[in-house]
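Beneath this line is the structure, given in structure tokens, with notes to follow.
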Amino acid sequence: MKLKLYHCPRACSFVAMNALEEAGLEYDEQVINIFAGEQKSPGYLAIHPGGKVPALVADDRVITENASILMFIHRIAPEAELLPDTTDPVFRGQQFSDLVWCSSTVHPFMRQVRMPIRYTDGDPSGVQAKGEEYLHGACRQIDANLEEKTWWYGDQWSIVDVYIFWILATAASSGFPVADYANIAGLMDRAPQRPSFQRAKAKQDAAEVAANIQFP
Ligand SMILES: N[C@@H](CCC(=O)N[C@@H](CS)C(=O)NCC(=O)O)C(=O)O
């Protein structure tokens, strides 16, 4: 199957790229510079009508939404164990729930903290304060789940660890005090050490330079 990932350095598409690297799949990549508005270009909207990254083209069909892309990669490369192997349908459902929680709940909380202006035409300070409250709530949940564990699922790394890393590293870059949570701080140290993370990071860094991306 021919795969092509549409992504942008520093965006949540990093998680999908890390998954492709972990799975050892061959793929083409194309940068969509969301900091220059390329996600709203007619060409990209024809691929992803929502104008967001990531999008993964598999042969001639498009998969959008990070959580779905991650489940798809897990499905076509199960031996990579992006998620722990299981025959238990309930545990599988819980794993999907964890991915969807990252994409539909924790990521938007982080966005509310980082870009409150996207949520109101008025004074963004109250929106941001609420976002911080919600994100602290999610951090308490994450930190509690990581108690006495190396990874989200215990001893076994999964793509959920990378998703949490990306969301909270992005929050930290806006001054959110992620390091106050001891178990999360440990995860933030460990996740970037994985070879697949480092390969994805190197590709993103190279793409950032090649596309001359200027961050606001
Ligand atoms: N629910 C989507 C969210 C994707 C998303 O918000 N992507 C951001 C980058 S992290 C984006 O493309 N932003 C561009 C924009 O909002 O115009 C997913 O999980 O894939």
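What follows is calculated from the coordinates using simple rules that are stated; it is not laboratory data. Predicted, not measured: the structure shown is a model, and the values here were computed from it. With ideal geometry, Cβ positions are generated from the backbone for all residues, glycine too; neighbour counts draw on all protein chains shown.
Here are a few things to note about the model shown:
- Karplus-based coupling profile of the stretch 113-121, in residue order and whole Hz: 6, 7, 9, x, 5, 6, 10, 7, 8, with θ = phi - 60° in 6.51 cos²θ - 1.76 cosθ + 1.60 and x standing for Gly or Pro.
- Taking 7 Å steps out from each Cα toward its Cβ at Gln156 and Asn212 produces label points 4.7 nm apart.
- Calculated SAXS-style log₁₀ I(q)/I(0) at q = 0.16, 0.19 Å⁻¹ - the stretch 58-134, Debye, Cα scatterers: -0.72, -0.83
- Taking the chain and dividing mean pair separation by its residue count, relative contact order in percent (alpha carbons under 8 Å, at least six apart): 24 percent
- Given charges at beta-carbon only (K, R positive; D, E negative), |dipole| of the stretch 84-205 in Debye: 460 debye
- For the stretch 1-125: rounded, prolate or oblate by the Cα gyration tensor [a/c cutoff 1.5]: oblate
- In terms of its Cα atoms, the stretch 89-194 spans 45, 30, 21 Å along the principal axes, sorted from long to short.
- In the stretch 96-166, the trypsin sites (Lys or Arg not before Pro) that fall in loop regions by DSSP, at most 16 other Cβ within 10 Å: Lys149
- For the pair the stretch 1-43 / the stretch 191-214, the C-alpha centres are spaced 11 Å from each other.
- Three principal axis lengths of the stretch 147-216 [C-alpha, angstrom, descending]: 42, 27, 14
- Using a cutoff of 8 angstrom between alpha carbon atoms and counting only pairs six or more residues apart, the relative contact order for the stretch 52-165 works out to 22 percent.
- Comparing Ala144, Ala80, Ala200 in a Gaussian network model of the chain (Cα springs below 10 Å), the most mobile by mean-square fluctuation is Ala144.
- The chain - Debye-derived log10 I(q)/I(0), Cα point model, q = 0.18 Å⁻¹: -1.45
- Computed [θ] at 222 nm, helices only, for the chain once each DSSP H run of length n ≥ 4 contributes -39500 (n - 2.57): -15500 deg cm²/dmol
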